[in-house]
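Working notes, beginning with the structure itself.
The values are calculated or read from the model by the stated rules, or taken from the named source; none is laboratory data. Since this is a predicted model, take the numbers as computed values, not measurements. Please note: Cβ atoms are built from the backbone with ideal geometry, for glycine as well, and neighbour counts cover all protein chains shown.
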Amino acid sequence: MEQVRGAIELMRPGNAVAAGVLTFIGSFVAGGLGTPASALFAVLATVLATGGGNAINDYFDRGIDAINQPDRPIPRGAVSPRAGLWFSLALFAGAVGLTLLLPMIAIVIAVVNFTALVAYTELFKGLPGVGNALVAYLTGSTFLYGGAAVGGDLATVSVLFVLAATATMAREIVKDVEDVEGDRKEGLNTLPIAVGERTALAVAVAFVGVAVLVSPVPYLRGTFGAAYLVVLAPTLVGLVAGAYRSLSDPTTGQTWLKASMFLAALAFVVGRAAVV
């Protein structure tokens, strides 16, 4: 039972399920779930791939976790490193099998994401801004993957991708500002360490600005109506407030940015539902 519990912990199930929800939203926004089987395959593949990425991240980080997070499954001995690696590969295999049932564009997105997930910890995690950008891309791409899975309207989903990616990029930078002391001790060269905390926060604010600017595009294109704007309004307030709060309180600021990203996804769902 301890091994089973440890394997589930490796997946970070809450995180994996949340990624699956974003894929579901992408499918709905793109095509109104006209092909529910494809949407289901995409959601399950996302959950498995995200779980596999989390598990392989723990495999690569097992040395650091032994010091900083000794209660994680591998350091505490619930799962051996070899078992953790094989478990992650099994999850990836399941995700690949499901993705092969989807259109080619969804397969291409999945291949790119799979490569990014594996390379993140080993190659990019500690590089200034690069790891942040990769996490931002992966978050936004779940919407694209969901839309591609149902062969839907990727133009609208692309706006959601940009909004989610830029908001996530801002949040990741703010989180790095929050973690500067610990990251410096671990020898990581994050963006705030490389360019300074104030400059990094200015970059985060700029990304929030991009998110705010692109958010009205579905309404301006006539894709969504007034219902979209009603839900979008508090989203924009949350993004701007989160960016402002990050300048003095990074912990609260990044929490507001994360909440605003999910509220933005809700605005797209409401916008699509209003025209279906």
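Each row is one residue, and each column tells you yes or no for (1) buried (at least 24 other Cβ atoms within 10 Å of the Cβ); (2) assigned by TED's automatic domain parsing to the domain that holds Leu263; (3) out of contact with any His (no Cβ under 6 Å at 6 or more places or on another chain); (4) in a helix (DSSP H, G or I).
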{"position": "Gly14", "(1), (2), (3), (4)": "no, no, yes, yes"}
{"position": "Val17", "(1), (2), (3), (4)": "no, no, yes, yes"}
{"position": "Ala39", "(1), (2), (3), (4)": "yes, no, yes, yes"}
{"position": "Thr46", "(1), (2), (3), (4)": "yes, no, yes, yes"}
{"position": "Gly52", "(1), (2), (3), (4)": "yes, no, yes, yes"}
{"position": "Ala55", "(1), (2), (3), (4)": "yes, no, yes, yes"}
{"position": "Val79", "(1), (2), (3), (4)": "yes, no, yes, no"}
**Request:** Give the residue that is modelled with the lowest pLDDT, with candidates limited to residues of region 236-250 that are in a helix (DSSP H, G or I) and not small (Gly, Ala, Ser).
**Result:** Pro250
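Yes/no per residue for (1) hydroxyl-bearing (Ser, Thr, Tyr); (2) at pLDDT below 90; (3) over 21 Å from the mean Cα position of the chain (by Cα):
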position	(1), (2), (3)
Leu40	no, no, no
Arg72	no, yes, yes
Ser80	yes, yes, yes
Leu89	no, no, no
Ile105	no, no, no
**Request:** Kindly indicate which of Thr190, Thr121 is over 16 Å from the mean Cα position of the chain (by Cα), hydroxyl-bearing (Ser, Thr, Tyr) and modelled with pLDDT under 90.
**Result:** Thr190
**Asked** In region 173-182, what residues are outside any loop (DSSP other than H, G, I, E, B) and surrounded by 14 or more Cβ atoms within 10 Å (Cβ to Cβ)?
**Response** Ile173, Val174, Lys175, Asp176, Val177, Glu178, Val180
**Request:** Could you look through region 183-202, keep only residues that are assigned to a helix (DSSP H, G or I) and in contact (Cβ under 8 Å) with a residue 60 or more places away in the chain, and pick out the one that is surrounded by the most Cβ atoms within 10 Å (Cβ to Cβ)?
**Result:** Leu191
**Request:** Give the number of residues within region 190-236 that are of a type in the set (Gly, Ala, Ser), touching a Gly at 6+ places or on another chain (Cβ under 7 Å) and farther than 27 Å from Val29 by Cα.
**Result:** 0
**Asked** Since Leu101 meets every condition but one in (1) assigned to a helix (DSSP H, G or I); (2) surrounded by fewer than 17 Cβ atoms within 10 Å (Cβ to Cβ), which condition does it not meet?
**Response** (1)
**Item:** Among (1) over 14 Å from Val208 (Cα atoms); (2) β-branched (Val, Ile, Thr); (3) in contact (Cβ under 8 Å) with a residue 40 or more places away in the chain - the single one Thr168 does not satisfy
**Value:** (1)
**Request:** Take the residues in region 245-272 that are without any contact (Cβ under 8 Å) to a residue 24 or more places away in the chain and of a type outside the set (Asp, Glu), then tell me which one is surrounded by the most Cβ atoms within 10 Å (Cβ to Cβ).
**Result:** Trp256
**Prompt:** Among the listed residues Leu123, Leu127, which satisfies the condition of being assigned by TED's automatic domain parsing to the domain that holds Val43, out of contact with any helix residue (DSSP H, G or I) (no Cβ under 6 Å at 6 or more places or on another chain) and either of a type in the set (Val, Ile, Thr) or touching a residue at least 24 places away in the same chain (Cβ under 8 Å) (or both)?
**Reply:** Leu127
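A quick yes/no check of all residues on (1) buried (at least 22 other Cβ atoms within 10 Å of the Cβ); (2) among the acidic types (Asp, Glu):
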{"residue": "Val130", "(1), (2)": "no, no"}
{"residue": "Val135", "(1), (2)": "no, no"}
{"residue": "Phe143", "(1), (2)": "yes, no"}
{"residue": "Gly147", "(1), (2)": "yes, no"}
{"residue": "Asp153", "(1), (2)": "no, yes"}
{"residue": "Val157", "(1), (2)": "yes, no"}
{"residue": "Leu160", "(1), (2)": "yes, no"}
